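Below is one structure, written out as structure tokens, with a few remarks after it.
Taken together, the values in this text are just the output of simple stated rules run on the coordinates, not laboratory data. The shown structure was predicted, so the numbers you read here are calculated from the model rather than taken from an experiment. All Cβ positions, even for glycine, are placed from backbone atoms using ideal geometry, and neighbour counts span all protein chains on display.
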Amino acid sequence: MSEDLRAKVIEYLGKVDKTKTRDMADNLKEKKSDVDKIVKELAKEGKVEFLYIGTSYVKLVK
Amino acid sequence: MSEDKKTPLLDELEKGPWPSFVTDMKKLAEKKPAVKDVLDQLELSYAEKKGHWKHGGIVGVTGYGGGVIGRYSDKPEEFPNVAEFHTMRINQPSGWFYTTDALRDILKTWDKFGSGLTNMHGATGDIILLGTTTQNLQPAFNEFSEKGWDLGGSGSDLRSPSCCVGPARCENACIDTLDICYNLTQEFQDELHRPMWPYKFKIKVSGCANDCVASVARADFSIVGTWRDTLNIDQAEVRAYANNGYDIKGMVVEKCPSNALEWDGKTLSIKSEECVRCMHCINKMPKALSVGQEKGATILIGGKATILKSAFLSWVLVPFMKMEPPYDEVKDLLRKIWEWWDENGKMRERVGELIYRKGMRVFLRDIGLDPVPQMVAAPRANPYFFWWPEEINK
């Protein structure tokens with residue numbers, strides 16, 4: 001489940017420039033807390049970075 | 001080149017008997033070209049009545065989404081040394097207790113990687129380090145980290161919890177504010193460093209209702225020390241105040257907001273059930289009056305400055321909670337609140353604004369708290385009790 005979701009999150013992030021995790025969870029039809037957990041793991045691995053434009057977004061590190 | 005620019009408007013701020021940030025910055029500018037450009041850009045802003053800083057974007061250190069605030073000049077050709085001038089927030093120690101060695105250590109690293117400019121402290125409490133380049137962020141963070149410092153919060157995350165000096169210096173402290181602040185900071189590292197919420201969330205801890213960190217006005221979640229038994233009264237000290245000519249009736253009894261005190265000229269008595277633990281009488285007669293024995297905290301929710309809605313003062317959420325390590329009760333409550341806010345909040349909507357939009361009774365039902373009279377700010381004018389729709393269908 002976790003590996004599946006991780007793959008879905010990475011795939012989703014690959015298709016968008018940046019996103020709120022709320023929007024990502026809605027689009028993936030997943031629980032936001034589960035998506036957040038994956039994003040935090042990816043951030044700690046240096047694969048995801050955060051940006052701030054009025055509020056915080058996440059995006060894949062290029 | 002910017003070195004030749006004059007700053008007549010800023011120079012005005014050096015006149016008069018007061019210390020001037022312009023003087024300090026000019027001194028620093030002798031060895032830091034970025035500071036010279038800050039002064040010149042500020043002079044331009046004063047002349048044009050227009051700011052020239054851009055804010056945001058991608059800046060950070062590996063694994064962190066908070067603690068670094070992107071700052072760029074919108075005139076990089078004119079002021080090349082502040083083309084990038086990012087802010088770093090360093091999480092302050094509980095109660096802002098430092099040794100001078102620790103402060104020097106911070107400034108040594110900041111002098112190496114940044115402009116040397118600081119702001120002690122930001123509104124949330126962090127040590128604010130003003131002005132570094134994108135390239136220097138990671139090495140600066142690495143060095144701070146090696147010295148035992150960490151970044152604070154920024155963006156849509158938990159901001160660095162802060163607290164008053166508490167039991168370290170204050171006899172009124174009903175809770176160990178320093179330990180609570182440190183414990184919550186350690187517990188919620190993910191929430192502090194990786195922004196995932198609709199907007200910011202601030203926790204402030206005050207040892208008593210004097211609320212020296214102004215948590216009620218500034219924090220989404222306020223922990224304010226209180227007691228639930230009765231005020232301690234030392235009658236001999238009360239009489240000493242009276243014998244010294246102190247107007248106990250006028251200065252204390254008549255100013256009690258809930259008329260809980262009585263003074264017959266010899267004895268000061270209190271109706272504990274009327275006392276709202278506001279601290280006024282204790283502040284006025286600290287040698288005679290002191291906080292009670294059964295101590296804990298009142299938890300309040302929803303304070304903030306103007307954002308989507310106007311400024312809010314916090315509401316009472318839990319009238320009394322014991323505050324003992326490991327503080328599981330308050331942590332569980334925080335997690336429930338965050339889950340509800342995260343699920344229902346709009347972008348840039350603080351938790352107080354969400355409660356205002358959806359209603360306190362919806363909030364209380366969803367986080368599993370029963371309404372109690374202490375949550376009510378004023379008696380209701382509407383006599384109707386509103387049932388939940390599902391209760392009517394039964």
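Ranking A:7, A:52, A:27 by Cα position along the charge dipole of chain A, where only Lys, Arg, Asp and Glu carry charges on their C-beta atoms, puts A:52 farthest toward the positive end.
Over segment B:199-266, the hull volume per residue, using the convex hull of the C-alpha atoms, is 120 Å³. Peptide B:16-27 has a mean of 0 when you count, residue by residue, the C-beta atoms of other protein chains within 10 Å of its C-beta.
For residue B:54, the residues 5 or more places off, or on other chains, whose built amide H falls under 5 Å of its own are B:72, B:73, B:74. Could you compute the longest span of chain B free of chymotrypsin sites (Phe, Trp or Tyr not before Pro) located in DSSP loops and having at most 13 other Cβ atoms within 10 Å, not counting the site residues? Answer - B:98-383. Across chain B, the relative contact order, built from alpha-carbon pairs under 8 Å that are at least six residues apart, equals 11 percent. In terms of other Cβ atoms within 10 Å, B:169, B:357 run from fewest to most in the order B:169, B:357. Cysteines of chain B lacking any other cysteine Cβ under 4.7 Å from their own Cβ: B:170, B:174, B:208, B:256, B:275, B:278, B:281. Across B:281, B:174, B:163, mean-square fluctuation computed from a Gaussian network of chain B (C-alpha pairs under 10 Å connected) peaks at B:281.
With Cα atoms as the point set, chain A shows a radius of gyration and Dmax of 10.5, 33 Å.
Peptide B:61-70 shows a mean partner chain C-beta count of 4 within 10 Å per residue C-beta.
The phi torsions of segment B:246-253, fed into the Karplus equation with coefficients 6.51, -1.76 and 1.60 and a -60° offset, translate into couplings of 6, 7, 5, 5, x, 8, 10, 4 Hz, rounded to whole numbers, with Gly and Pro shown as x. For chain B, a Gaussian network of Cα nodes joined below 10 Å ranks B:383, B:161, B:319 by mean-square fluctuation, and the top entry is B:383.
Dividing the summed -39500 (n - 2.57) terms of all DSSP H runs of n ≥ 4 by the residue count of chain B sets its mean residue ellipticity at 222 nm at -9500 deg cm²/dmol. Membrane-span-like helices of chain B, defined as complete DSSP H segments with a Cα extent of 18 Å or more along the helix axis and a mean Kyte hydropathy of at least 0.0, are absent.
The HN-Hα couplings worked out from phi for segment B:118-127 by the Karplus form 6.51 cos²θ - 1.76 cosθ + 1.60 (θ = phi - 60°) are 9, 9, 10, 10, x, 4, 7, x, 5, 7 Hz, whole numbers, x standing for Gly and Pro. The mean number of Cβ atoms from other chains found within 10 Å of a Cβ in peptide A:18-31 is 2, as a whole number.
Comparing B:243, B:232, B:344, which has the greatest mean-square fluctuation in the GNM of chain B with Cα pairs linked when under 10 Å apart? Of B:243, B:232, B:344, the Gaussian network model singles out B:243 as fluctuating most. Put simply, the amide H of residue B:208, placed in the peptide plane, has neighbours under 5 Å in B:174, B:225, leaving out anything fewer than 5 places away on its chain. With neighbours defined as other Cβ atoms within 10 Å of a residue's Cβ, the residues B:372, B:253, B:351 order from fewest to most as B:372, B:253, B:351.
Here is the list for segment B:147-226: GluC sites (Glu not before Pro) lying in DSSP coil, each with at most 11 other C-beta atoms within 10 angstrom of its C-beta, are B:171.
List B:392, B:175, B:58, A:10 from most exposed to least, where exposure is judged by having the fewest other Cβ atoms within 10 Å.
Placing the least packed residue first, the sequence is B:392, A:10, B:58, B:175.
A Cα-only calculation for the protein assembly as shown places Rg and Dmax at 25.7, 81 Å.
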